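Just below is one structure, and these are the notes that go with it.
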Amino acid sequence: MESILDFIKAALPWIAMGLLLAIFFARSASEKRKNENKSDDYGTEGMCLGMCLGTAIGTSFGNNTGIGISLGMLIGLAIGTCLKKEEQD
């Protein structure tokens with residue numbers, strides 16, 4: 001059972017980074033398709049804040065900084081993409 005947990009701890013950052021890249025590239029491809037009315041979201045800001053919070057939480061819970069950074073970026077991007085910026089005229 002310990003070997004399975006070791007494998008999960010080793011593979012989790014790679015899985016999270018793969019999901020992060022998939023979301024990022026899918027988002028950039030969809031932005032290229034719609035050229036007319038560009039609506040902005042908080043994806044980049046969410047990734048930055050998620051990285052900071054993930055680092056803080058990862059280090060406070062047993063020095064899992066790598067897992068904290070990758071999961072923080074993934075969760076921050078997902079939440080930031082859902083929030084749309086208001087258009088300013």
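The values are calculated or read from the model by the stated rules, or taken from the named source; none is laboratory data. All of these numbers come straight from a predicted model, not from anything done at the bench. Positions of Cβ are generated from backbone atoms using ideal geometry, with glycine treated the same way; all protein chains shown enter the neighbour counts. Heavy atoms of the whole protein, side chains included, go into the accessibility calculation; ligands, DNA and RNA do not. Shrake-Rupley method; radii C 1.70, N 1.55, O 1.52, S 1.80 Å.
Less than 5 angstrom separates the built amide H of Tyr42 from those of Leu83, Lys85, all sequence-distant by 5 or more or on a different chain.
Phi-derived couplings, Karplus 6.51 cos²θ - 1.76 cosθ + 1.60 at θ = phi - 60°, listed residue by residue for the stretch 41-46: 9, 9, x, 5, 5, x Hz, with x used for Gly and Pro. Legend: residues Glu45, Glu86, sorted from most to least accessible area (1.4 Å probe; ligands, DNA and RNA excluded), read Glu86, Glu45.
Applied to the stretch 65-82, the Karplus parametrisation 6.51 cos²θ - 1.76 cosθ + 1.60 on θ = phi - 60° returns per-residue 3J(HN,Hα) values of 5, x, 5, x, 5, 5, 5, x, 5, 5, 5, x, 5, 5, 6, x, 6, 6 Hz, with x for Gly and Pro.
Heavy-atom accessible area with a 1.4 Å probe sorts Ile67, Ile23, Ile75, largest first, into Ile75, Ile23, Ile67.
Label sites at Glu86 and Thr44, each approximated as a point 7 angstrom past Cα along Cα to Cβ, lie 2.2 nm apart.
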